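Visitor: Let me give you the structure first, and then I'll get to my questions.
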Amino acid sequence: METKLRIALQKKGRLNEDSMKLLKEAGIKFNVGSGKLVASSPNFPIEVLFLRDDDIPQTVADDVADIGIVGENEMAEKGFDLNIVKRLGFSKCRLSLAIPKADEYTGLDYFKDKKVATSYPVILEKFFKEQNINAEIHEIAGSVEIAPGIGLADAIFDIVSSGSTLVANRLKEVEVVMKSEALLVSGSELSAEKQALLDEMLFRINSVMAANSNKYILMNVPNDKVEEIVKILPGMKSPTVLPLAEKGWSSVHSVIQEKKFWEIIGQLKALGAEGLLVVPIEKMIL
Ligand SMILES: Nc1ncnc2c1ncn2[C@@H]1O[C@H](COP(=O)(O)OP(=O)(O)OP(=O)(O)O)[C@@H](O)[C@H]1O
Ligand SMILES: O=P(O)(O)OC[C@H]1O[C@H](OP(=O)(O)OP(=O)(O)O)[C@H](O)[C@@H]1O
Ligand SMILES: [Mg+2]
């Protein structure tokens, strides 16, 4: 029988869409039907198990799935010793303590003898213990932000991203306890065949991630400025310089990290670069 890599993904929610998009961009297709909990791929030896994100760490730790995509927060809460194969850079958020907006925050002592609602009791208990804070932890499964407003707790410990859920519930973030992003994780050592499949998948994921954070840029540059412009452009090896039909001008092409582009755009223009084009890259093999 053909060896297949088994991956655990969130069935529905914040992680699902980006996880599926990443695999799709890596050229791995799925026959996903509505309500299907297991799916296979017609073009890659992989099988997907669709689970609640809470169940992904254990499924991987128990080797029911070989790998999984899960939030760092959920992995920390469940406490299984999994290997981080790759930080995926999406579903970025933080786990924070928040209190009613009207309250004065006096530092961690604020939480002494207070009741704090959370879906992450393990992480919170560890944090309070380390900080020597004696607080009551009240575990609830969801809608944590409404707890203070309805008199269920004095404060909360929950996921924050833009902060708009806190604002909507008249709360303010006062302590960031951990930062989180989606992780590709594995359990125990894989067989040589499965490791080879994971390596192939990782190679593709790396190409997709590199392509997504880089842009191909082209610009027209007066010949006497080419040398200076080339100095500030990194490029994969070095920038490409081609003559334009118009005398005295060149076209300079380069690959550049998107965030760097915004840093150097002013310098490029000041040096006389014109007609700048920024083009997305689909795949990037380093
Ligand atoms: N607002 C957000 N911004 C960015 N990432 C987030 C946000 N909310 C949650 N996440 C990340 O996505 C993960 C899944 O969030 P989601 O809200 O879908 O979980 P859930 O409701 O527990 O889903 P499930 O039904 O699978 O148990 C979280 O554990 C966290 O890592
Ligand atoms: O700081 P913000 O950008 O407002 O994001 C934070 C909110 O996002 C998540 O909930 P989600 O919207 O995924 O809904 P859920 O409670 O149904 O999981 C999380 O549980 C917070 O409530
Ligand atoms: Mg969950």
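Visitor: Working only within region 122-177, note down all residues that are polar (S, T, N, Q), more than 13 Å from ligand 1 (Cβ to nearest atom) and surrounded by fewer than 18 Cβ atoms within 10 Å (Cβ to Cβ). Spell out how you get there, then give the answer.
Guide: Taking region 122-177 first, the residues polar (S, T, N, Q) are 131-132, 134, 143, 161-162, 164-165, 169.
Restricting the remaining residues to those that are more than 13 Å from ligand 1 (Cβ to nearest atom) gives 131-132, 134, 169.
If the condition is that a residue be polar (S, T, N, Q), more than 13 Å from ligand 1 (Cβ to nearest atom) and surrounded by fewer than 18 Cβ atoms within 10 Å (Cβ to Cβ), then Gln131, Asn132, Asn134 are the ones that fit.
Visitor: When you check Ala153 against the structure, is it over 30 Å from Ile264 (Cβ atoms) and either of a type in the set (A, V, I, L, M, F, W, C) or not in a strand (DSSP E or B) (or both), yes or no?
Guide: Values: over 30 Å from Ile264 (Cβ atoms): yes; either of a type in the set (A, V, I, L, M, F, W, C) or not in a strand (DSSP E or B) (or both): yes.
Here the answer is yes, as Ala153 does meet what is asked.
Visitor: Look through Val116, Val70 and report the one residue that is within 16 Å of ligand 2 (Cβ to nearest atom), within 27 Å of Arg204 (Cβ to Cβ) and in a strand (DSSP E or B).
Guide: Numbers: Val116 fails: within 27 Å of Arg204 (Cβ to Cβ).
Going through Val116, Val70 in turn, just one is within 16 Å of ligand 2 (Cβ to nearest atom), within 27 Å of Arg204 (Cβ to Cβ) and in a strand (DSSP E or B): Val70.
Visitor: Does Val70 satisfy the criteria of being among the β-branched types (Val, Ile, Thr) and within 16 Å of ligand 3 (Cβ to nearest atom)?
Guide: Against the criterion (among the β-branched types (Val, Ile, Thr) and within 16 Å of ligand 3 (Cβ to nearest atom)), Val70 qualifies.
Each row is one residue, and each column tells you yes or no for (1) assigned to a loop (DSSP other than H, G, I, E, B); (2) of a type in the set (Val, Ile, Thr); (3) within 16 Å of ligand 3 (Cβ to nearest atom); (4) closer than 23 Å to Ala61 by Cβ.
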{"residue": "Val85", "(1), (2), (3), (4)": "no, yes, no, yes"}
{"residue": "Ser91", "(1), (2), (3), (4)": "yes, no, yes, yes"}
{"residue": "Leu97", "(1), (2), (3), (4)": "no, no, no, no"}
{"residue": "Glu104", "(1), (2), (3), (4)": "yes, no, no, no"}
{"residue": "Asp109", "(1), (2), (3), (4)": "no, no, no, no"}
{"residue": "Phe128", "(1), (2), (3), (4)": "no, no, no, no"}
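Visitor: Here's a follow-up. Using beta carbons and a limit of 7 Å, which pairs, at least six apart or on different chains, have the first residue in region 6-18 and touching a residue at least 12 places away in the same chain (Cβ under 8 Å) and the second one of a type in the set (Ser, Thr, Tyr) and away from ligand 2 (no atom under 13 Å from the Cβ)?
Guide: Pairs found: Ala8/Thr59; Leu9/Ser19; Gln10/Ser19.
Visitor: Please tell me if Phe50 is of a type in the set (Phe, Trp, Tyr), part of a loop (DSSP other than H, G, I, E, B) and within 16 Å of ligand 3 (Cβ to nearest atom).
Guide: Judged against the criteria, Phe50 is not a match.
Readers should treat all values here as calculations from the given coordinates under stated rules, not as data from a laboratory. A quick note: this is a predicted structure, and the numbers were derived from the prediction, not measured. Please note: Cβ atoms are built from the backbone with ideal geometry, for glycine as well, and neighbour counts cover all protein chains shown.
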